[in-house]
Structures are given as structure tokens and as C-alpha cells.
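The values are calculated or read from the model by the stated rules, or taken from the named source; none is laboratory data. Computed from a prediction, not measured in an experiment: that's the story for all the values here. Quick reminder, even Gly has a Cβ in these numbers, built from the backbone with ideal geometry, and neighbours come from all protein chains shown.
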Amino acid sequence: MQRIVIWFLAGFFSLSTVVQAMTFSSLSAQQYNNIKQAGLDKLQLVHSDIAPVLQQHQQNPLFRFTRAGESAQGTAIWQIDIGRGPVKILAWSQMHGDESTATAALMDLLNFIAAEQNRSWREKWLSKVTLRLLPMVNPDGAAAHSRFNSMGIDINRDAKALQTPEGRVLMQVAKAFKPDFGLNLHDQNRFYTVGDSAKPATISLLAPAFNEAKDIDAARKKAMQLIGDMRDLLETELPGYLAKYDDTFSWRSFGDTFAGMGISTVLIESGGHPLDDTRQVARRLNTQLLIMSIESIGSGAYQQQPLSAYQAIPFNRDDGIKDLLLDNISLNVNGNQALIDVALDLDIDGNRRARIRDIGDLSIYAAYHKFDAGGLQYQAAKAYALTKPLTLDNAGYLALLREGYSHFSGDESLLSNHSDLPLLVNPQGLTGPTPARYRNATFLLANDQGVQIAVLNGQLLDLRSGKLLQPAKI
């Protein structure tokens, strides 16, 4: 089955030979496109995606590559050092294998640093800062599209036990390097919003606590001040889409553990954004935040930030936004009429199964995608049994859908499919006479003229035109 839906396609951009000298405050969209690494505009990155980029940069004397260790399955975990200054910054990404946005940003950062036209920018900090990068700490999890490593362990809950080779590598690197600052790069749930607003939290930041009391020592204060600089940048670049991550103390986690070791640790969580299913907006912002952090730490500018700048950032709120909202669906249960909204979870970065997430009056929620189903009534999924060979083209498939069939059951080998439309065979967990939460998002929408829309694993097929719909987006 194909991925659930990708309605927004961003272009790939290669490293240009003409890159203007710039600072973080003047990194325009076009300038970013010039250093944006090609081939990484996708939901999931694996080690083979970044290996050619790392190999390219290994030839550059600016970058000192070291094999810091390897994963449980033997894939290399690389350490890249840049600069030779006394102030040390450690940044690591993708310790959760299915959180790859910042890994792409680190590749963009390498391109930015390597650009010859940025020589004067580099010279401002190379003697002041030593930057150490560990991209893709969990390559095995990345290959499996999994949060966990190949042993089934969450590396970010292994900071104390250190039972994973990946966790041991990260801790050994930190203890040997003794960084002043740590940049902990993750992806967060795309359903987070900024406080009580309807805006998704495209970036969430946190200076993690080092104890249950959430005390502020000198190291945590510096992290909060650096986040103050980050807030100022994001208010210029994308106002209203910044939140603060939950600051509950997590004893087993690396960020909280590093904070307890006196490292000024900043958590950067990449989230969703309208029209951006592959998180390229968050990727660009990550790149800018990394560039800004190097500058601010190297110059000490962050020290001018009051703690009030950090404290003013609203916390993020879970389940504040939906993937797809179908509004105004008519429902008839034993003569009882209702007008309902149905929210779908497209699970675009998970197991490719779209689910019904919520039902009822959902008018308080924002959504990445919307469709007004006014005048249409819910109709349950119905199987077409495969009992003999069937050759299917678009016209024949649309005809079956109009008859009320939403999927096929039986021996899949009997089906010869020549249609290019979404097609389901033996789907699991379907809804019944009424929509049900957490069930497969496959059902029909009809009026007195028959079935008009087929919802097929979260994809909306207009039977009148025979085309997939692109719902209105916020």
C-alpha cells in the first residue's frame, strides 16, 4: 500500500556553487535553498540517505571525522568536530529512529559551514567554539522506521542504565568532550499546538530540568537564555508557531541527565506545519537555530537575554490539531439524525494505516486538511468478495465504488489491478454501521443520488470526477 497521503510536495535543492556570505538574521528562503541538501525532503531518513553527504564532507579539512562507535547492528555512528575554540557545543540527532527532521538540518548546516563564501562568518567563531555533531545516533531504528533501537529499547530512556551501545556512545562522547552546551534534536507529535491556540507547534523548545524541583542553576540559566535568543529569531521567521515542551523531570532521559552534569542543554523538538507533511519548515528553522546558536554562544550574546523571554513561551498542548477534518457528515442511527464531524489520523509517519481519531462536534479544533461533507451521509464500508478472477481498471473500479463497495475481500491473487486509484484488499479494523474511534478510516459518503465520496484509508476519492481530492488546507 502506498503512503497514506502527501498533499504537499516540496522541491529538492542541491548545494549551489554560488552562496552569499550571510548571518542567521539574513538567511532568506532563497539563500537557504542554496545550501539545502538535496534528497532529504521525505518523512523518514535512513543512514544511506546521509552517508554520501558525510563522505563528501570528509574531504574538507574544516571537518574532523571520527567513528565514535556503532549501533547494535554495526552501523557507524559518526562524530564531526568543527572549530578549536574553548567553548564546546555538542549536538546530536535521531536518537529516536523515526525522528529525522533535525538530521536533515545538520546536513544543511554542514553545507552552510563548508560554503567558501561564508569564510568571514566562520572566522568569527572557529577560534572561539568547538562544535561536535553526532547525526543519526540510532541508525538501526531509522532503518526500521522505529522510535526504538534494534534491541527494542528507547535510547533516550537509557541515560542511566546504558544498556544500549548507542546510549553508551553518546554518554562516552559527552564525558570525553565535556560540552558547555548540548543541543538535543528531536521530532514531536504533530498534534501539539501552541498553548490554547489553533496553531501547530512547529518548534518546541525546552531547557530540561535536572531535578524534580525544576531548580535553575547556572547551567540551566544559560540554556534558558540561549532559548531567549531562539525565541527572538523564531518570532521574526515564523511568529506564533513556537511553544515550550513539557518540563516534567525525566530521570532516565539524556537531556535531563546532561543538565544534571552541568551541561546547558536545549531540547529542540520539530513539529508539524500547515501544507508541510514532510516537515521542511521545521527543518529550515532547525538549520537557522543551529547557525544562530553557534553565533550567539561564540559571541556570548545570549547572556543579555532575561529569563522572562524563556518563561513567556507558552507550553505546547497535545491533541490540539487534527490531520484531516471531515465536517458536517449526516448520520442516521435507528431514526436518530445527527450532524457530526469526523477527524482522521493519517499516520503519515507510522504504519500507513489511517484511523478515525474523533467524532462529534469538533469545531474547536484546527486541522492540517479539511473537507466539508455537507449534504453527504455516512455509509459503512462494504466488501466485494473475490471468488473468481477479476481484472480491474479505473472505470470498473469506480463503478464498484458507486455500487457501495469500498474494498475487496478474499484471495488477492484473483485480482488483476490496472487501476491507479487507492485500492484496499482485506483491510483490518473497519468501521461498522456507525463510525468508531480508532477504527480504519475507510467508509463512504452518499446522498440521495448515491455514493459521492469514497474515503479509502484516509484518502478522499471523488467518484463524480474519478480524482483524489485535495481538501482545503488551513
Check 161, 219, 144 and return the single one that is closer than 20 Å to residue 266 by Cα and small (Gly, Ala, Ser). 219
Scanning segment 106-142 for residues that are of a type outside the set (D, E, K, R) and either out of contact with any helix residue (DSSP H, G or I) (no Cβ under 7 Å at 6 or more places or on another chain) or not assigned by TED's automatic domain parsing to the domain that holds residue 185 (or both), which turns out nearest to residue 43 (Cα to Cα)? 141
Flag for residue 381 being in contact (Cβ under 8 Å) with a residue 12 or more places away in the chain and among the hydrophobic types (A, V, I, L, M, F, W, C): yes
How many residues does segment 34-59 contain that are surrounded by 14 or more Cβ atoms within 10 Å (Cβ to Cβ) and touching a residue at least 12 places away in the same chain (Cβ under 8 Å)? 17
Between 174, 223, 243, 198, which is modelled with pLDDT under 95 and either of a type in the set (Gly, Ala, Ser) or within 25 Å of residue 78 (Cα to Cα) (or both)? 198
Within segment 279-320, residues being modelled with pLDDT under 95 and buried (at least 24 other Cβ atoms within 10 Å of the Cβ) number 0
Conditions (1) free of Cβ contacts under 8 Å to residues at least 40 places away in the same chain; (2) part of a strand (DSSP E or B): number failed by residue 308: (2)
What residue, of 113, 155, is in contact with a Leu (Cβ under 8 Å, 6 or more places away or on another chain), among the β-branched types (Val, Ile, Thr) and within 20 Å of residue 296 (Cβ to Cβ)? 113
Any chance segment 93-100 includes a residue that's in a helix (DSSP H, G or I) and closer than 12 Å to residue 135 by Cα? no
